[in-house]
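To keep things clear, I will list the structure first and then write my remarks on it.
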Amino acid sequence: MPEYIYHMVPKEMIGEKLISLNDLGKIYPHLYEKYTKKYYDHPERPKLLKKQIPKLNCLWNDVLHFVPLHPYYVYEALISLGIKTKEEQQFFKIPIERLKSNTNAIYLYTKEKYKGPAEDIEEDEIKLLNIETYKELKEIPSTSVEYYKIENEKGNRFGLFPYIPHLLSLGEVEINDVEIVSWNQFK
């Protein structure tokens, strides 16, 4: 059975490859400026732009970020908590084989280890990935659901993928013929 990774479809995209944010800045500075704005919504988040990723020996924005979980699970968790969200958020459903030319790792991103966007990622939080043995997650971590609930009760804006492992890929990914799925449907 094929295994997939998921990446939110950008509002503006040029070309048929996903490239890192830092590479985007070299080629399309106007898009870089647009997509880095999200890092300035909290005093600590701009530090992510300089955050080092152990084992990959690069910066946070030198890699592509994917979730190893169908986005429907995130949508379902938000809706089950009564959190209003976009109905039609789209994601690229990318076969894991598309990453075979890249260097790939899983960022474990757990509540126990995560100390905030300004803090270093510990070496043991990054596991180099062999795409031959990769398996998609089949459920959202309970810590993610608890985070949604708490942040929503506080009235805070919050990220969609807290405490969900991230697949980090150093390189480009062709997306010209990949399936696009909406997170409000599981298929």
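The values are calculated or read from the model by the stated rules, or taken from the named source; none is laboratory data. Keep in mind that what you see is a predicted model, and the values were worked out from it rather than measured. Here the Cβ is made from the backbone with ideal geometry for all residues, glycine too, and neighbour counts use every protein chain on show. Note: areas computed on protein heavy atoms with side chains; ligands, DNA, RNA excluded. Shrake-Rupley method; radii C 1.70, N 1.55, O 1.52, S 1.80 Å.
Structure above, values below:
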{"read-out": "Inter-residue pairs, beta-carbon under 9 Å, first on the phi > 0 side of the Ramachandran plot and in the range 137-148, second surrounded by fewer than 19 Cβ atoms within 10 Å (Cβ to Cβ), 6+ apart", "value": "none"}
{"read-out": "Test: Glu151 is charged (D, E, K, R), open to solvent by 90 Å² or more (accessible area, probe 1.4 Å) and out of contact with any Cys (no Cβ under 7 Å at 6 or more places or on another chain)", "value": "no"}
{"read-out": "Answer residue from the range 113-148, given it is of a type in the set (Lys, Arg) and within 17 Å of the chain's Cα centre (by Cα) and is most open to solvent (accessible area, probe 1.4 Å) among those", "value": "Lys135"}
{"read-out": "Residue within the range 88-110 that is modelled with pLDDT under 90 and closer than 24 Å to Glu179 by Cα present", "value": "yes"}
{"read-out": "Residues of the range 146-177 classified as among the aliphatic types (A, V, I, L, M) and over 15 Å from Tyr109 (Cβ atoms), total", "value": "4"}
{"read-out": "Among residues of the range 149-178, those that are closer than 22 Å to Glu87 by Cβ and in contact (Cβ under 8 Å) with a residue 12 or more places away in the chain, counted", "value": "8"}
{"read-out": "Filter result (open to solvent by less than 70 Å² (accessible area, probe 1.4 Å) and either part of a loop (DSSP other than H, G, I, E, B) or farther than 25 Å from Leu56 by Cα (or both)) within the range 92-112", "value": "Asn102, Leu108, Tyr109, Thr110"}
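Yes/no matrix, rows are residues, columns are (1) open to solvent by 40 Å² or more (accessible area, probe 1.4 Å); (2) at pLDDT 90 or above:
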residue	(1), (2)
Pro10	no, yes
Asn22	no, yes
Lys34	yes, no
Pro43	yes, no
Ile53	no, yes
Trp60	no, yes
Leu64	no, yes
Tyr75	no, yes
Ile79	yes, yes
